[in-house]
Amino acid sequence: MDYKIFRLNNIDYSAVIVITKCVPPTSILNLLRRDLNNNNIDGKIIIDALMYFGNNDDRFIEFTYKNDTLIKESFNYIKIDKNNMLRVYASNILKSDNELFDNSILNSFQKKLIAEGCII
């Protein structure tokens, strides 16, 4: 699987999708639609594409998913503040998955920061 879906109890987003391999976000859309539907997830979704784009302004992508449809017009790159809980959540996911973390495209300094509990 090239991504993991995590439900959020968050007012702004229904779920976060963490891309787990160096694959472009566009390559997962068909499978993602199926998995969102199978998991009964609707609403605003955020993708953390750190494993593809790295830690830059293209890292987070938001979109709306409703009634088995990815609303293409809603796709938008967004900047998320370093103290935002979404970044904390994503960093904790990385830190808790040794294989994902060790095989990521992150450089050694970024890995060290996350391992020490810093949020990137």
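Between Lys82 and Lys21, full extension at 0.36 nm per residue minus the direct alpha carbon distance yields a gain of 19.7 nm.
Spatial offset of region 5-25 relative to region 33-62 amounts to 4 Å, using the alpha carbon center of each.
Maximal additional length on extending the Lys72-Ser96 stretch stands at 5.5 nm, based on 0.36 nm per residue less the C-alpha distance. Taken one residue at a time, the phi angles of region 8-18 give Karplus couplings (6.51, -1.76, 1.60, θ = phi - 60°) of 10, 9, 10, 5, 7, 9, 7, 7, 10, 9, 9 Hz. Gly and Pro are set to x. Within the shell of other residues whose beta carbon sits under 15 angstrom from the beta carbon of Tyr52, the net charge comes to -1, with Lys and Arg scored +1 and Asp and Glu -1. Solvent exposure of region 6-89, expressed per residue, is 57 Å² of accessible area, with all protein chains present and a 1.4 angstrom probe. Among Ile45, Ile17, Ile93, the largest mean-square fluctuation in a Gaussian network model of the chain, built with springs joining Cα atoms closer than 10 Å, belongs to Ile93. Along region 113-120 the Karplus relation, 6.51 cos²θ - 1.76 cosθ + 1.60 evaluated at θ = phi - 60°, assigns HN-Hα couplings of 4, 5, 4, 8, x, 6, 9, 10 Hz to successive residues, with x for each Gly and Pro. Determine the share of the chain's accessible area contributed by carbon and sulfur atoms, expressed in whole percent, with a 1.4 angstrom probe. Taking all protein chains in place, the chain shows 47 percent carbon and sulfur surface. Taking a Cβ cut-off of under 13 Å around Lys4, the surrounding Lys, Arg, Asp and Glu residues balance to a net charge of -3, with basic ones at +1 and acidic ones at -1. In terms of its C-alpha gyration tensor, region 59-120 has a prolate overall shape, because the principal axis ratio a/c (a ≥ b ≥ c, square roots of the eigenvalues) is not below 1.5 and a/b outweighs b/c. Net charge within 9 Å of Leu36 by Cβ-Cβ distance, Lys/Arg positive one each and Asp/Glu negative one each, not counting Leu36 itself? Net local charge, Leu36 excluded: -1.
Size of the dipole of the chain about the Cα centre, Lys and Arg at +1 and Asp and Glu at -1 on the beta carbon, nothing else charged, in debye to 20? Charge dipole, the chain, about its Cα centre: 60 debye, nearest 20.
Where does the chain land at 222 nm, in deg cm²/dmol rounded to the nearest 500, when only DSSP H runs of n ≥ 4 count, each adding -39500 (n - 2.57), divided by all residues? Computed mean residue ellipticity for the chain: -8500 deg cm²/dmol.
The values are calculated or read from the model by the stated rules, or taken from the named source; none is laboratory data. This structure is a prediction, so every number in the text was calculated from the model and none was measured. Cβ sites come from the backbone with ideal geometry, for glycine too, and all protein chains shown count toward neighbours. All accessible areas refer to the heavy atoms of the entire protein, side chains included, with ligands and DNA or RNA removed. Shrake-Rupley method; radii C 1.70, N 1.55, O 1.52, S 1.80 Å.
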